[in-house]
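Worksheet: one structure, shown below.
What follows draws every value from the coordinates through simple rules; no lab data is involved. The shown structure was predicted, so the numbers you read here are calculated from the model rather than taken from an experiment. Virtual Cβ from ideal backbone geometry, glycine too; neighbours counted across all protein chains shown.
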Amino acid sequence: MSDMAPMPNPGPAPDPPVEPTVSGATSGEPRAPSGFVTQPGPADLHAWHVLRPLLDGRPYLPFSPGAMRAGGLVYVCNLIVHRAPRQVVECGAGVSTVVLARLLAERGTGRLTALEHDPGWAERVEELIAREELAHVARVVLAPLDPSGWYDASGVARLPEAVDLLVVDGPPADRAEIALARHPALATLEPRLAADALVILDDVGRAGEQEVLARWEREHLWDFERLEDEAIAVGTRRPGRLRTASRSSQVP
Ligand SMILES: C[S@@+](CC[C@H](N)C(=O)[O-])C[C@H]1O[C@@H](n2cnc3c(N)ncnc32)[C@H](O)[C@@H]1O
């Protein structure tokens, strides 16, 4: 993993650095970022079985500790089945991008756009997508990180204008100095979120993501349910919405 620029405090008052809570393991190359929550429980074992139709008989995917927990991935897959989102955006590309693309292709509806800051990793994931001829449902948008540690505006501008499901699993936030790297996600992308959009934040076992959730609930009209087994939080708008994306202006 390449180093990233330090994050300035996005909030009004200075906050102490946030320490990641769990150290990650590594498993082969390329090395996943350290500091991910890597303590799967029984729920993950069940989730791997649930994912089998999207894994069995398909090309191998290089899962690593940097990937979403199986339980979190199942949760997102279930949302795709139950809600049939037209536009899914994932911050932080990876094997999850390919699994979700497989499901979208099988369902025959919905597109996925993954924002990725690391050019080499973006290329890897694009290769995995192309290998399975999934480019009609999924694409990777390369977006360098700006000085705040969030994806730069040129990358964000290439996202769909009306997003139904947002999965925030990037940029990396696994060290104290970048622990709040995902905080700008809601402010930056909220104008693109459809009225009934859902927002998923991954890695909520970490102190940084817990602080991000607290700030989001303070600063935005959104509530987040924390799902411990899946290590994700699921956000919905409170009544009395802020700006919402217009479906009529959506890029096809
Ligand atoms: C939490 S990971 C995103 C993982 C992805 N959503 C998934 O579940 O497969 C955040 C970032 O770490 C980097 N990353 C993830 N896996 C990696 C790997 N195996 N090697 C190098 N970088 C990786 C990428 O830059 C990615 O955007």
Legend entry - Total charge dipole magnitude, segment 42-249, about the Cα centre, Cβ charges on Lys, Arg, Asp, Glu only, Debye to nearest 20: 660
Inset, instruction - For every other residue with a beta carbon closer than 14 angstrom to the beta carbon of residue 156, add +1 if it is Lys or Arg and -1 if Asp or Glu, then tell me the sum. - result: -3
Legend entry - Karplus-derived HN-Hα couplings along segment 59-72 (A = 6.51, B = -1.76, C = 1.60, θ = phi - 60°), whole Hz, x at Gly and Pro: x, 4, 10, x, 4, 9, x, x, 7, 4, 4, 4, x, x
Legend entry - At most 16 other Cβ within 10 Å, DSSP loop - trypsin sites (Lys or Arg not before Pro), segment 109-182: 158
Inset, instruction - Calculate one ³J(HN,Hα) per residue across segment 133-142 by plugging θ = phi - 60° into the Karplus curve 6.51 cos²θ - 1.76 cosθ + 1.60, and present them in order as whole Hz with x for glycine and proline. - result: 6, 10, 5, 6, 10, 9, 9, 10, 9, 7
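Taking other Cβ within 10 Å of each residue's Cβ, how do 89, 81 sort, fewest first?
Ordered by Cβ neighbours within 10 Å, fewest first: 81, 89.
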Legend entry - Interchain or long-range residues, amide H under 5 Å from residue 222's placed H: 238
Inset, instruction - Arrange the following residues from fewest to most other Cβ atoms within 10 Å of their Cβ: 64, 148, 96. - result: 148, 64, 96
Inset, instruction - Give the shape of segment 42-249 as rounded, prolate or oblate, defined through the alpha-carbon gyration tensor: a ≥ b ≥ c are the square roots of its eigenvalues, a/c under 1.5 means rounded, and otherwise the shape is prolate if a/b is larger than b/c and oblate if not. - result: rounded
Inset, instruction - Work from the charge dipole of segment 42-249 (Cβ charges, +1 for Lys and Arg, -1 for Asp and Glu, about the Cα centre) and give the residue of 128, 85, 144 farthest towards its positive end. - result: 85
Legend entry - Low-density loop positions, GluC sites (Glu not before Pro), segment 102-133 - DSSP coil, at most 13 other Cβ in 10 Å: 133
Legend entry - Nearest-20 debye value, segment 97-200 charge dipole, Cβ charges on Lys, Arg, Asp, Glu: 160
Legend entry - Positive minus negative residues near residue 200 (Lys, Arg vs Asp, Glu; Cβ under 13 Å): -4
Inset, instruction - Return 80, 232, 200 ranked ascending by Cβ neighbour count within 10 Å, so the fewest neighbours appear first. - result: 80, 200, 232
Legend entry - Full-extension gain in nm, residue 50 to residue 123, via 0.36 nm per residue minus C-alpha separation: 23.4 nm
